Amino acid sequence: MADIKIDSKVFQERMSHFINAWKADKRSGDALFGGVSSMVVLMGKVDEEPEFYKNNAMHFWLLGYEFPTTLMLFTLDTLYILTTQKKAKYLDQIKGGRFPVEVLVKGKDSAENEKLFLKITDAIKAAGKKVGILAKDTSKGPFVAEWKKAFADNCKDVEEVDIAQALSGGAFSVKDEAELRAMRTSSKACVALLTPYFLDEMSNILDQDKKIKHTALADKVYNKLEDDKFWKTVELPNRQKLPSDFDPDQLDWILGPIVQSGGKFDLKWQTDSDDEPLHPGIIVAAMGLRYRSYCSQIARTFMVDPNKSQENNYKFLLAVHNLILKEIRDGVVVKDVYAKAHSLIKSKKPELEKHFLKHVGYGIGLENKDPTLVLNGKSTRTLRDGMTLCITTGFSDIQNPDPQDKKSKVYSLVLTDTIRVTSAEPVVFTGDAPVDADATSFFFKDEEEAQPTPKKEKKDSRVGAVATKNITSTRLRSERNSAPDDDADKKRRDHQKVLAARKQKEGMLKYAESTADKNGVEIKKFKRFESYKRDNQFPPKVRDMGIVIDQKNQTIVLPVMGRPVPFHINTIKNASKSDEGEWSFLRVNFLSPGQGVGRKDDQPFEDASAHFVRSLTFRSTDGDRYAEIANQISNLKRESVKKEQEKKDMEDVVEQDKLVEIRNRRPAILDNVFIRPAMEGKRVPGKVEIHQNGIRYQSPLSTTQRVDILFSNVRHLFFQPCQSELIVIIHVHLKDPILFGKKKTKDVQFYREATDIQFDETGNRKRKYRYGDEDEYEAEQEERRRRAELDRLFKSFAEKIAEAGRNEGIEVDMPLREIGFNGVPNRSNVYIQPTTECLIQITEPPFTVITLDDIEVAHLERVQFGLKNFDLVFVFKDFTRAPAHINTIPVESLEDVKEFLDSSDIAYSEGPLNLNWSVIMKTVTANPHQFFVDGGWGFLGSDSDDEDGEAESSEESAFEMDDSDLDDVSESSEEGSDFDSNASDDASDEAEMSDEDEGEDWDELERKASKRDRETAAMEVEDRGSKKKQRKR
């Protein structure tokens, strides 16, 4: 106790905060403090452990230490502290501040002590008739007994009110920066013990198939708390270390560590780890630490060789956990958070509803569990910015449909995180410990054992061994890989029929009622424009009764019948000037209905009997003046049309929320990267930072040159390695476009070039002693190493972005280059690659990102024999969106494209011609209901079904002729043709020859050809020898 130093500044700040909250509650109706005018916080002996810790927490919160056998009386104007003489010396440090503190010293004289108790009771009665107490406080001891007797004797008319919730709401729940720093450090210590230490220990035990009890494994973690070397060297999963001022001596256990497995789970953490052996199945680990008086907890579920049901339930648990975290923010009522989670379970997996925990967490801080802030379906507490919560999402005692053994019949799943409430998304203090299924699942079974042994092919007894080898499905080797598999093609066609029927059914359900009240055409209204609201807003020049161009109000004021009449620029079609003799004429044409200008005629008839002015003509001898006016009107019209178009283009641009920067630590950074679209100015590499609710690209040229992207606006996140490319890419596809300079974009890309400039080293000294391609080989090796390092760096950063935005469901997607194809989506021929959810081209701008879920149907155009290319058209579920075209795809990729579309459950059709899609989509949007009634997208598949139709018709229809008809035909054919019989004979001979050729393998043909070549060469040698002999003769 000799080194006790109380921070008087912190004491005064927190005391003022508490009293101000008390006074504010009195003014607003005593909802929190219950109308008390004084409060008593009592502490008994130190060795007595009360069930609730509100009294201890008040000591730690105000003083930083716990003072046993001490009574505190709070009134609105004074704090009375009754304690022993030794403790009173330390309390002198808090005297003399803004809030008065009176310390009363208790001695051994019972009479003097009674007077002190009497003074406390008199202060209670003077303050009011209600005193706040901790009703569930079970502190005991002589000091407590004396006070209770004095209070009972002197305060009979004073009403006691429980202030547990008042202390929580007015003092403990909302933390200041120092408290949050302690909780953050405590959480990091929890993460360090769980991952990597516990995770590594458990993995080694499972990998080596060792037997260990739950208690033994828990003791290993428990004893690690005293290992100073561990705390100095430990690295968190994000490769960060604990703070430099971290003091391991300030750590203490508040929970566990608890290890559970083998079907026995207690997610209330009321029982310690048992002596049962660790069972390789579902393993739950939970622990909690206190650092500088502030607590944190963490729990994770690890799965060893899980079955599909367990994996799916864990992924659903993670989805519920993320939903809870997403819903928690400032101003939200607690019961609403629980209701959202419960409704998700009820709608998605109702069978898990009875296994869901009764609450999803509680308040945590100075107390390891705040009983007044439990997150259940009944609590009406409102969450505030600065609160810290322990979020626990779990399902208990789930029946395993496919148990491995007796201990696997029942299992539980749980996730616990310590978080801080903010005005936006919460900060997860224990978020460094991974929760995704890949990081928490372990697979030790040999995959080869699970694979079925391949069945031996049955040999045909009629075919010999050599002949069997020569039987192939195609004639040429180059055709074997590209030839379609008839069986697979039939399955694909059957699947497409199912998809087409499903699309038709969905369309009929979606557009169940007729939507063509006005023939599907949007009713155009007569547009009205207001130039001036009052007469005094006219320009002063109108008094001269001349033509005035008002640029500010986009109006032309024309003199009509001696009065200035304003015409808005949007009512004017054009203006022209002409000359006739000495006179010049200015003609102003107006937009009016019935002009017959086709599509651009957007002026409807509002009143059939109304009269419209088509044009006005003015005459003057000042031709230059009229030329200037006509030019000004044309320029004003051009600017007006341009503004309207810009306004229309920017309609879907959504203003993002502000980026919440990370202030308390250095954010994750990817340096030396370029951005596309490029920013204005010089092209220099910048850096990408990951913050709380988004990422930021910062240019080194200026602090104002930056781009912020919020996680809530990210739809897809792609990582494309530099394999077969010149750059490595992290690409972000947005839900709503953002302004990038003066233009809008839905795609933002960060990249780095993968190749460096190569120098010619022919003059290098090494070349004198080294010959051949050794240096080129080393350069290639270095290039491969650098590319691999770049891929690793960018992929790691993309995964960090996904981890930071996991509450928004962001995941990293990679293109599958093996099943890509060439095509022209915009201007140039590029390589298009599928991903899990999209079809993308992000190497060359303009980028192409087509989400597969947005696609209604696909259509293959120009698919006919003899053409080397075909086109692919995607029609989207949003019929107002223009179809996407990918043109000039090589016909060699046709089968691959069909297979990709079919495997992605996208209904497709094919046809020999290009279609007019603008007309088709107008028909669809005009009346979708009638469109699907008439067969929907079936008209696209009519061409692709022709072949099947022909095959069916050839099988079904049998052509029959009478004998007399047959004779007539044969006679007429004999009379009309002199060479039919010969031609048929030749054709039959060719057919026989072709049948023989089809039976031989390509390798066999090559052997025959080489044999003929050898024979020809031998014959040539003999001929030359015979000629030489003749010359000698």
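The values are calculated or read from the model by the stated rules, or taken from the named source; none is laboratory data. A quick note: this is a predicted structure, and the numbers were derived from the prediction, not measured. Ideal geometry is used to build each Cβ from the backbone, glycine not excepted, and the neighbour counts take in all protein chains shown. SASA here: full protein model, heavy atoms, side chains in, ligands and nucleic acids out. Shrake-Rupley method; radii C 1.70, N 1.55, O 1.52, S 1.80 Å.
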**OP:** Mind listing just one residue for me: the one in segment 178-214 that is free of Cβ contacts under 8 Å to residues at least 12 places away in the same chain and charged (D, E, K, R) and, of those, least open to solvent (accessible area, probe 1.4 Å)?
**Re:** 200
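For (1) at pLDDT below 85; (2) loosely packed, with under 13 Cβ neighbours inside 10 Å; (3) touching a helix residue (DSSP H, G or I) at 6+ places or on another chain (Cβ under 9 Å), each residue gets a yes or a no:
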{"site": "640", "(1), (2), (3)": "no, no, yes"}
{"site": "661", "(1), (2), (3)": "no, no, no"}
{"site": "680", "(1), (2), (3)": "yes, yes, no"}
{"site": "691", "(1), (2), (3)": "no, no, yes"}
{"site": "698", "(1), (2), (3)": "no, no, no"}
**OP:** Scan segment 361-388 residue by residue and report those that are touching a Ser or Thr at 6+ places or on another chain (Cβ under 9 Å), not polar (S, T, N, Q) and not in a loop (DSSP other than H, G, I, E, B).
**Re:** 361, 362, 363, 370, 371, 373, 375, 387
**OP:** Could you check how many residues of segment 901-913 are more than 15 Å from residue 853 (Cβ to Cβ) and either of a type outside the set (A, V, I, L, M) or open to solvent by less than 20 Å² (accessible area, probe 1.4 Å) (or both)?
**Re:** 6
Original post:
In segment 846-868, what residues are of a type in the set (A, V, I, L, M, F, W, C), open to solvent by 30 Å² or more (accessible area, probe 1.4 Å) and in contact with a Gly (Cβ under 9 Å, 6 or more places away or on another chain)?
Top reply: 863
Original post:
Are any residues in segment 334-364 open to solvent by 10 Å² or more (accessible area, probe 1.4 Å), within 26 Å of the chain's Cα centre (by Cα) and farther than 16 Å from residue 391 by Cβ, and if so, which ones?
Top reply: 343, 346, 347, 348, 349, 350
Original post:
Given the residues 164, 88, which is the only one that is at pLDDT below 90, out of contact with any helix residue (DSSP H, G or I) (no Cβ under 7 Å at 6 or more places or on another chain), aliphatic (A, V, I, L, M) and open to solvent by less than 60 Å² (accessible area, probe 1.4 Å)?
Top reply: 88
Subject >> residue 813 in contact (Cβ under 8 Å) with a residue 24 or more places away in the chain, among the acidic types (Asp, Glu), open to solvent by 10 Å² or more (accessible area, probe 1.4 Å) and over 24 Å from residue 501 (Cα atoms) >> reply: yes
**OP:** Considering only residues that are hydroxyl-bearing (Ser, Thr, Tyr) and touching a Ser or Thr at 6+ places or on another chain (Cβ under 9 Å), look in segment 186-232 and name the one that is nearest to residue 253 (Cα to Cα).
**Re:** 186
Original post:
Do we have any residue at all in segment 111-127 that's buried (at least 17 other Cβ atoms within 10 Å of the Cβ), under 59 Å from the mean Cα position of the chain (by Cα) and in a helix (DSSP H, G or I)?
Top reply: yes
Subject >> Number of positions in segment 661-686 that are part of a strand (DSSP E or B) and closer than 12 Å to residue 750 by Cα >> reply: 8
**OP:** Give segment 298-326 a look and list any residue that's surrounded by fewer than 18 Cβ atoms within 10 Å (Cβ to Cβ) and of a type in the set (D, E, K, R), or say none.
**Re:** 305, 308, 311, 315, 326
Subject >> Failed item in (1) open to solvent by 70 Å² or more (accessible area, probe 1.4 Å); (2) charged (D, E, K, R); (3) without any contact (Cβ under 8 Å) to a residue 24 or more places away in the chain; (4) touching a helix residue (DSSP H, G or I) at 6+ places or on another chain (Cβ under 6 Å), with residue 241 passing the rest >> reply: (4)
Subject >> segment 816-838, residues that are in contact (Cβ under 8 Å) with a residue 24 or more places away in the chain, over 17 Å from residue 726 (Cβ atoms) and assigned to a loop (DSSP other than H, G, I, E, B) >> reply: 825, 835, 837
**OP:** Considering only residues that are of a type in the set (Ser, Thr, Tyr) and surrounded by 19 or more Cβ atoms within 10 Å (Cβ to Cβ), look in segment 378-421 and name the one that is farthest from the chain's Cα centre (by Cα).
**Re:** 408
